[in-house]
Amino acid sequence: MDDDPSSLFEAMAACLRQIEMIKPYRTGSLGLTVEDLLPLLRAARDVKPSTAADARQFFQEHCRPFRVQRADGHQGFVTAFYEPEIAVSAEADGLYRFPFYRRPDDLIDLDDGNRPSALTADYAFGQLRDGQIGAYPDRREIDEGALAGRELEIAWAKSKVDVFFVHVQGAARLRYPDGTVGRITYAAKAGHAFSAIGKLLIDRGEIDRSEISMQTIRRWLNAHPDSIDEVLWHNRSYIFFREMLPGNLDKGPVAAAKVPLIAGRSLAVDRLIHTFGTPFFVRSDSLVHLDDGKPFRRLMLALDTGSAIVGPARGDIFTGSGDEAGDDAGTVRHDADFTILLPKDVATRFI
């Protein structure tokens, strides 16, 4: 009763345009289809709530809430992500040495029809080489030059650690020496599973589990420069990017749902389970730093996904762009309850 979901209506209208004019979203295994969502999105298209109560009333009238519970009885879990801003150069030199790569032309999408038996079902991408499909080079192989000389570089950064964390976030603003700002967003990945370096450092006793965050990981890497490669190569996953027009920098990046993310209102979910454009109410009594000491309780929209976002009650909250948003995102690792809001006319299918 205290939430103000007014900002969701613009994003829902953008989802509707994407579905009707460009390409529908894939249906997650939960079974909520784009056709199921269309009446809700169309009803929201012309709504311009004048108060928070009006915005809440729309969802109360059009949706029915269902708690999402894990089969093992544990609570759901939230982390957060943001859009970093990184100093870059269009050309490599002695200072700018670490590239952001475009998607290579020998990287192909895999499915059950073309995936070789040597690759497990979680490989969504592979390499087509001399008519044969196999695993793509991993992070270490790419860092050691597997893509050198192919003119895939979008821009060059000063720090390998900065590049790594942009891979984790999936998007970034690129600030060039002349002040020009560009944007990159996720295009594809090499295909290898995501392995959290934070867990590695916890398991080795380098950082206490209660202290793990993006900030403590960065501090550890800065204090141990000779270990950077070995730790980063633990995560074999490698992300490729595509350039985007910077657009309105007051808005978030365009992510997997192909609409701009809204700070504090956009949620990355497991897209194998959930369908983009679905509203979720997320509640976490222990997550308080995003709302000035108050427990986090917000209606959000599923607009993105990520390799580490796995399971029905798992979400990644977009906190915004820039360093302050990064400070907010880096310490979010909290238990949370997830309630999915299903359109009333289809909700009976899920009872």
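The values are calculated or read from the model by the stated rules, or taken from the named source; none is laboratory data. Fair warning: this is a prediction, and the values are worked out from it, not measured in the lab. Here the Cβ positions follow ideal geometry from the backbone for every residue, glycine too, while neighbour counts run over all protein chains shown.
What to note about this one:
- In the stretch 230-258, the qualifying residues are those that are surrounded by fewer than 23 Cβ atoms within 10 Å (Cβ to Cβ) and of a type in the set (A, V, I, L, M), and the one that is nearest to Ala124 (Cα to Cα) is Ala256.
- Considering the stretch 321-336, the residues that are part of a strand (DSSP E or B) and not hydroxyl-bearing (Ser, Thr, Tyr) include one that is surrounded by the fewest Cβ atoms within 10 Å (Cβ to Cβ), namely Asp335.
- Just one of the listed residues (Leu16, Leu37) is in contact with a Ser or Thr (Cβ under 7 Å, 6 or more places away or on another chain) and crowded, with 19+ Cβ neighbours inside 10 Å, and it is Leu37.
- Of the criteria (1) outside the structural domain of Ala155 (by TED's automatic domain parsing); (2) under 30 Å from Glu153 (Cβ atoms); (3) outside any strand (DSSP E or B); (4) of a type outside the set (Ser, Thr, Tyr), which one Phe318 fails: (3)
- Residues being in contact with a helix residue (DSSP H, G or I) (Cβ under 8 Å, 6 or more places away or on another chain), in a helix (DSSP H, G or I) and either of a type in the set (A, V, I, L, M) or exposed (fewer than 15 other Cβ atoms within 10 Å of the Cβ) (or both) - total across the stretch 40-60: 7
- Flag if Asp143 is more than 29 Å from Gly264 (Cα to Cα), touching a strand residue (DSSP E or B) at 6+ places or on another chain (Cβ under 8 Å) and among the acidic types (Asp, Glu): no
- Output for the stretch 289-315, where each listed residue is within 21 Å of Ser7 (Cα to Cα) and part of a loop (DSSP other than H, G, I, E, B): Asp292, Lys294, Pro295, Thr305
- Out of Glu141, Glu153, one residue alone is surrounded by 15 or more Cβ atoms within 10 Å (Cβ to Cβ), without any contact (Cβ under 8 Å) to a residue 24 or more places away in the chain and out of contact with any Asp or Glu (no Cβ under 6 Å at 6 or more places or on another chain). It is Glu141.
- Look at the stretch 122-138: where a residue is at negative phi and a partner is polar (S, T, N, Q) and at pLDDT 95 or above, sitting 6+ places away or on another chain with Cβ atoms under 8 Å, you get Ile133/Asn114; Ile133/Gln127; Gly134/Gln127; Ala135/Gln127; Tyr136/Gln127; Pro137/Gln127; Asp138/Ser237.
- Which numbered condition Ile340 misses (of (1) buried (at least 22 other Cβ atoms within 10 Å of the Cβ); (2) farther than 17 Å from Met12 by Cα): (2)
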